[in-house]
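All of the numbers you see were taken from the coordinates with simple rules; none came from a lab. Fair warning: this is a prediction, and the values are worked out from it, not measured in the lab. Neighbour counts run over all protein chains shown; Cβ positions are idealised from the backbone, glycine included.
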Amino acid sequence: MKKDKTYLFLLSLVYVGFVIVFCFFPRSTFSELEKRELTSFPAFTAESLADGSFTTGVNHWFSDTEPFRDFFMKTNLQQKKLMAWTFPRGDEEEVVFHATNDGAAAAEGTNAPTDLGELTADDKAKIANNGIIIVGSGDKVRALMAYGGGPNGGVSYAEAANAYHNALGSAVRIYCMVIPTAAAFYCPEKAKTKTRDQEATIRNIHNHLEPGVVAVDAFNALKAHAKENIYLRTDHHWAPLGAFYAAQEFCRMAGVPFKPLSAYQQKVVHRFVGSMYGYSQDLSIKEHPEDFVYYVPQGLNYQVWFTDYEINKNYEVVAEKKPYKGRFFQHYPDGHGGAYCTFMGGDTRIVKVVTGTNSSRRVLILKDSFGNAIPGYLFYSFGEVHVVDFRYFTHNMKQYVQQNGITDILFAHNIFNAYSPHVGKRYVKYLKQANGTFAPRTDKKTAADSLHKEHRTKPAEEHKAKTPEEKKPAEEKKEQEKPEENTNS
């Protein structure tokens, strides 16, 4: 009886302690583990009270801003790690599945391209949250997005490139690039059943291009350098070095000059942990950051203009701001999770670079966020470089090309977006839409108040979280430190 009373007393103390902590201690406002600003307390209005959104917002705020949030999350992740189930495979690699309900792998399919030997039989592979494949260990650990597309996909992407060729005629050269993800080169044998063959999809896209549309084979250009740091280990994007080799292949196909890396100034953001920790929730990614290395062209007096878009809560463009002069490269402090925003600062804008190069060729890059790392390598090759993100464009594309004297158009998208019929159809729509095509302004919120699908342009003191292309984003967050803009831009 005495032991029972002692047990109940101790249990009551723990319960009271948690009540005091969760109800009276300061609420968390920012999560370093998730790299995001936590939910703000909702504004009270009679309308929000009547429709229930206020009470729902309060509930979300209370659960999202628990005191010591990162401590409890890390403790929970460590517990899950200890509970992981390991299935030995004899002399083969081990495949480890976490004891969680949300770690299902992607659909099984054909094998990925042949392993290049960087991973050995001693490496481990495991499926973490959201089906993300974790391979390697220590400072070699890498998070991979499983690819679920089939070998007959991506036709809409090829058809969009064909449509541009037919609409713009022989005066404008059209190039089609599909960027593979890291899983194409770094997935160990036992995990290949959890992802599909990216090269087969890319080959299908190339086969559907009409004569006159040039296929840029980024896959083999990257494969030749797969033992180099061409992909980020902790982020879903490729590394700037990978973009360099893809840009090199594009310039070779376009017949324009291309400078070696020795022409660039190398810059580094140390202790970078990108988007894949937030999605995998695997501590090995968090605990083994990497260097984010990028390259700035030297000896050019280039000038950059931005035309920013205002975005509503549905990720639609509701307004276009006046063009202004800015900087192409921004340098982020060591440890900053937003380093991939080094290039142009985001996606919700049109970018025009007058390079200072003596060339009559003007290139327009139609891209997703993978394409952000390409333009900086083309300053030596073209007189002007224009950049448009597939999600945000309010002009008529034919008129834009004519008015800006565009001579070359490069489609540059990662394989997830190249596979999606939605992307190709959107590009075809841009050929026909009227100038000033905006979404109706149906709410009072703008981009500063809403979530956004992957990157969005923010003022210099802000930064937003990055996520895999096929996912909805985490909440946007303000920067802990203002990025230092590059003085060479």
> Quick one: which of 292-303, 405-416 comes out on top by average Cβ neighbours within 10 Å, and what's the full order, highest first?
Replying inline: 405-416, 292-303
> Tell me, what ³J(HN,Hα) does each residue in the range 303-315 have, in order and in whole Hz, if you take phi through Karplus 6.51 cos²θ - 1.76 cosθ + 1.60 with θ = phi - 60° and put x for Gly and Pro?
Replying inline: 10, 10, 10, 10, 10, 8, 9, 9, 10, 8, 6, 9, 6
> Ranked highest first by the average count of other Cβ atoms within 10 Å around their residues, in what order do 365-374, 161-170 fall?
Replying inline: 365-374, 161-170
> Along the range 253-265, what does the Karplus equation 6.51 cos²θ - 1.76 cosθ + 1.60 (θ = phi - 60°) give for ³J(HN,Hα), rounded to whole Hz, x for Gly and Pro?
Replying inline: 5, 7, x, 10, x, 8, 8, x, 4, 5, 7, 10, 8
> Hey, how many Å between the Cα centroid of the range 135-160 and the Cα centroid of the range 168-204?
Replying inline: 7
> What are the residues whose amide H is under 5 Å from the amide H of residue 38, where those residues sit 5 or more places off or on another chain and H is modelled from the backbone?
Replying inline: 30, 31
> Mean separation of Cα pairs under 8 Å and 6+ residues apart, divided by the residue count of the range 190-300: what relative contact order is that in percent?
Replying inline: 24
> With θ set to phi - 60° and the Karplus curve 6.51 cos²θ - 1.76 cosθ + 1.60, what are the ³J(HN,Hα) couplings of the range 377-386 in order, to the nearest whole Hz, using x for Gly and Pro?
Replying inline: 8, 9, 5, 7, 9, 10, x, 9, 10, 10
> When ranked by the protection proxy of mean other Cβ atoms within 10 Å per residue, highest first, what sequence do the peptides 423-433, 317-327 form?
Replying inline: 423-433, 317-327
